[in-house]
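Only one structure is covered here, and it is reproduced in the block below.
The values are calculated or read from the model by the stated rules, or taken from the named source; none is laboratory data. Note that this is a predicted model, so its numbers are computed, not measured. FYI the Cβ positions are ideal-geometry reconstructions off the backbone, even for glycines, and counts take in every protein chain you see.
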Amino acid sequence: MKIIVSVKQVPARDSSLRVNASGTSLDEADLSFEMNEPDAYALEEALQLKEKLGGEVVVLCAGPQRAGQTIREALAKGADRAIHVETEESLGDALATARLLAAAVKGESPDYILTGLQSDDLGFGQTGVMMAELLGFAHATIVMEVEPQDGAVRVKRELEDGWYQHVTLPLPAVLTIQSGIKKLRYATLMGIKKAKTKEIKVMKPEDLGADGTAQLIAERLRLPERSKQLQMISGTPSEIARQLVEKLRFEARVI
């Protein structure tokens with residue numbers, strides 16, 4: 001059994017964000033980066049499937065050279081090897097990313113491709129589904145449980161309002177994993193040491209013959225404006241309470 005896990009490197013959640021001089025993207029000079037948390041759950045699911053059934057877990061990442069740090073982290077947690085589609089910069093286009101990942105997968109013949117539900121930075125939630133379409137694989141999203149069967153997989157999907165759906169898919173299949181379904185593991189000291197000797201196959205978009213050109217281009221990026229407004233409410237305690245509730249309900253829309 002071969003499981004490919006797509007991971008992405010994203011800015012750390014506690015990073016101080018600044019727009020670059022051109023106003024089209026973030027200034028990466030002072031940013032720190034980490035593995036996309038939803039992808040970490042996809043990796044954990046893959047590692048647990050491998051522990052139960054055997055096989056190989058291959059990490060797949062498209063991103064600039066610095067993404068190698070995130071790849072090493074995945075290898076340290078237990079992945080067997082990795083494929084790094086090295087790009088000049090971070091990709092902000094889900095379709096361009098999916099094309100590169102799909103092209104890198106074609107020579108692997110995987111049984112499963114697992115991805116996180118979405119990325120913490122852009123949050124499109126489209127890359128996994130697009131990759132499945134490009135490859136002609138079955139796919140399911142928001143997966144809570146994975147039950148491998150003979151030549152197929154049965155999954156539990158989360159719907160709205162506490163409802164769930166059980167679906168059986170033929171293999172190979174692409175599954176986007178819901179965050180929080182498993183407890184994430186930490187890389188051990190032994191795992192970190194072993195990661196240094198594991199294979200990372202570095203490929204360029206031109207090596208794959210895939211079009212990684214972004215069709216979605218940001219023309220202007222601005223940080224949210226922060227504003228404060230003070231309103232004094234007067235009257236009796238009951239009048240103040242009534243006015244406060246009205247403002248919270250109809251102006252702030254928080255109740």
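Things to note:
- Any hit, segment 146-166, residues being in contact (Cβ under 8 Å) with a residue 12 or more places away in the chain and under 14 Å from the mean Cα position of the chain (by Cα): no
- Screening Leu135, Leu175, Leu101, Leu114 for residues that are surrounded by 17 or more Cβ atoms within 10 Å (Cβ to Cβ) and free of Cβ contacts under 8 Å to residues at least 60 places away in the same chain leaves exactly one candidate, Leu135.
- Residue match in segment 5-23 (condition: within 14 Å of Arg185 (Cα to Cα) and basic (Lys, Arg)): no
- Glu108 vs. criteria in a loop (DSSP other than H, G, I, E, B), of a type in the set (D, E, K, R) and closer than 19 Å to Thr213 by Cβ: no
- Ser179 meets the conditions (1) at pLDDT 95 or above; (2) closer than 17 Å to Ala46 by Cβ; (3) not basic (Lys, Arg) in every case but one. The failed one is (1).
- Count - residues of segment 138-155 that are closer than 19 Å to Leu47 by Cβ and surrounded by 14 or more Cβ atoms within 10 Å (Cβ to Cβ): 7
- Of the residues making up segment 62-78, those that are modelled with pLDDT of 95 or more and touching a helix residue (DSSP H, G or I) at 6+ places or on another chain (Cβ under 7 Å) are Arg72, Ala74, Leu75, Ala76, Lys77, Gly78.
- Any hit, segment 33-41, residues being more than 30 Å from Arg220 (Cβ to Cβ) and in contact (Cβ under 8 Å) with a residue 60 or more places away in the chain: yes
- Count of segment 40-73 residues which are more than 13 Å from the chain's Cα centre (by Cα), in a helix (DSSP H, G or I), surrounded by 16 or more Cβ atoms within 10 Å (Cβ to Cβ) and of a type in the set (A, V, I, L, M): 5
- Check on Ala214, over 17 Å from Ala46 (Cβ atoms), of a type in the set (A, V, I, L, M, F, W, C) and touching a Gly at 6+ places or on another chain (Cβ under 9 Å): yes
- Among the residues of segment 125-132, at least one is in contact (Cβ under 8 Å) with a residue 40 or more places away in the chain, in a loop (DSSP other than H, G, I, E, B) and within 18 Å of the chain's Cα centre (by Cα).
- For segment 74-98, the candidate set comprises residues that are in contact with a Leu (Cβ under 7 Å, 6 or more places away or on another chain) and among the charged types (D, E, K, R); within that set, the residue that is surrounded by the most Cβ atoms within 10 Å (Cβ to Cβ) is Lys77.
- Residues being assigned to a strand (DSSP E or B) and either more than 21 Å from the chain's Cα centre (by Cα) or not β-branched (Val, Ile, Thr) (or both) are entirely absent from segment 178-199.
- Checked against the criterion of being more than 24 Å from the chain's Cα centre (by Cα), closer than 21 Å to Glu108 by Cα, in a loop (DSSP other than H, G, I, E, B) and in contact (Cβ under 8 Å) with a residue 24 or more places away in the chain, segment 209-216 contains one or more residues that satisfy it.
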